[in-house]
Amino acid sequence: MDHIRELIEIEIAELTEWKDRFRKNSFFELVFILKGKGIQSIEYKTQAYQKDDFFLLPYSKCHAYEITEPTTFLFIRFTEHYFKNLKNTTIDYLEWYSKLNYIIGFYDFNTGLNINDEKDKSHVKKLFEILLLEKGQPSDYSETLTANTLSSILTIISSKLILSEDFQKKNDSKFLDIIKHINQHIIDDDKVSILYLSEKFNISKKYFSEYFKRNSNESLKEYIQKTKLQIAINRIKYTQSPLQEIAWSLGFTDGSHLNKALKKHFGTNSSTLRKEKKGLL
């Protein structure tokens, strides 16, 4: 259990005034407001918070709270290696890691996540309550329950990362479902193969490539490459992960291979992206 505790932290903090905390930049952080009101600032953009709101914070330290009413925060911090090290759960690590990469690539770290559906809000609240209960009253199955609960929260978050309105208007529902599937399984080569996609979405294998290109104006291979690069850009900007690790995790042979692809498709490289994030340019 000790190695797991190093990969996830669950903390409750009752605050009347915000003070910067020591926060490892290798951690994701989910924040749930148990009570209180105030204003949250992420990357110098602000939004009001109140009881039952929740946020996914970027890796960067540019966030703070202006507390207008004494606030109780529930912080859940975890690394991208958390699920990989679990021993007593049936969670498919590759599927979960694909989903996490999708969140990193398409989550708007500047504005956060807006969930307006009351049912979704209710589900999220109950899931956070489970995490809170397991922290206060740990049991023999706490590790499994915590992992499955956290996975469920991330599933809801990933399901809310919608495609642009223009993209949705231009394409039929089947193609949108295909894109959503690819985005959420982007590093699972088997689940984004033509064979798998054609069978899952009931499209002839011979016709699938033509169908995909007609709807997206690019080949499946090009779309997957571009999506992986978008994920790489955000991981470079918002994490301190070594370039080599980012490259390997997304299927590139090494950092040099990733940099060449970034230059070709986006006209940038890892050094430029990290300098931009630090405000050095």
| said: With the structure loaded, tell me whether residue 268 is polar (S, T, N, Q), farther than 19 Å from residue 56 by Cβ, surrounded by fewer than 13 Cβ atoms within 10 Å (Cβ to Cβ) and outside the structural domain of residue 107 (by TED's automatic domain parsing) or whether it fails that test. | reply: no
| query | Does residue 202 qualify as being part of a helix (DSSP H, G or I), surrounded by fewer than 20 Cβ atoms within 10 Å (Cβ to Cβ), outside the structural domain of residue 107 (by TED's automatic domain parsing) and not acidic (Asp, Glu)? | reply | no
| Within segment 236-260, can you find the residues that are touching a residue at least 24 places away in the same chain (Cβ under 8 Å) and over 22 Å from residue 190 (Cα atoms)? | 236, 237, 238, 239, 240, 241, 243
| Candidates 270, 219, 204, 241 - the one that is hydroxyl-bearing (Ser, Thr, Tyr), modelled with pLDDT under 90 and more than 23 Å from residue 159 (Cα to Cα) | 241
| Do we have residue 219 as outside the structural domain of residue 101 (by TED's automatic domain parsing), surrounded by 17 or more Cβ atoms within 10 Å (Cβ to Cβ) and not hydrophobic (A, V, I, L, M, F, W, C) here? | no
| query | Of the numbered conditions (1) surrounded by 13 or more Cβ atoms within 10 Å (Cβ to Cβ); (2) assigned to a helix (DSSP H, G or I), residue 186 satisfies every one except a single condition; which is it? | reply | (2)
| said: Is it the case, given these coordinates, that residue 173 is out of contact with any Pro (no Cβ under 6 Å at 6 or more places or on another chain), modelled with pLDDT of 95 or more and of a type in the set (S, T, N, Q)? | reply: no
| field | Considering residues of segment 50-85 that are at pLDDT below 90 and more than 23 Å from residue 127 (Cα to Cα) only, the residue surrounded by the fewest Cβ atoms within 10 Å (Cβ to Cβ) | value | 61
| message | With the structure loaded, tell me whether residue 252 is crowded, with 17+ Cβ neighbours inside 10 Å, in a helix (DSSP H, G or I) and not hydroxyl-bearing (Ser, Thr, Tyr) or whether it fails that test. | response | no
| request: Starting from residues that are in a helix (DSSP H, G or I), among the small types (Gly, Ala, Ser) and loosely packed, with under 13 Cβ neighbours inside 10 Å, keep the ones in segment 121-145 and report whichever is modelled with the highest pLDDT. | output: 122
| remark: Within segment 146-170, the residues that are at pLDDT 80 or above, out of contact with any Ser or Thr (no Cβ under 9 Å at 6 or more places or on another chain) and hydrophobic (A, V, I, L, M, F, W, C) are 150, 153, 154, 156, 157
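For segment 10-49, how many residues meet the condition of being in a strand (DSSP E or B), acidic (Asp, Glu) and at pLDDT 85 or above?
Selection size over segment 10-49: 2.
The values are calculated or read from the model by the stated rules, or taken from the named source; none is laboratory data. Since we're looking at a predicted model, the values are computed, not measured. Quick reminder, even Gly has a Cβ in these numbers, built from the backbone with ideal geometry, and neighbours come from all protein chains shown.
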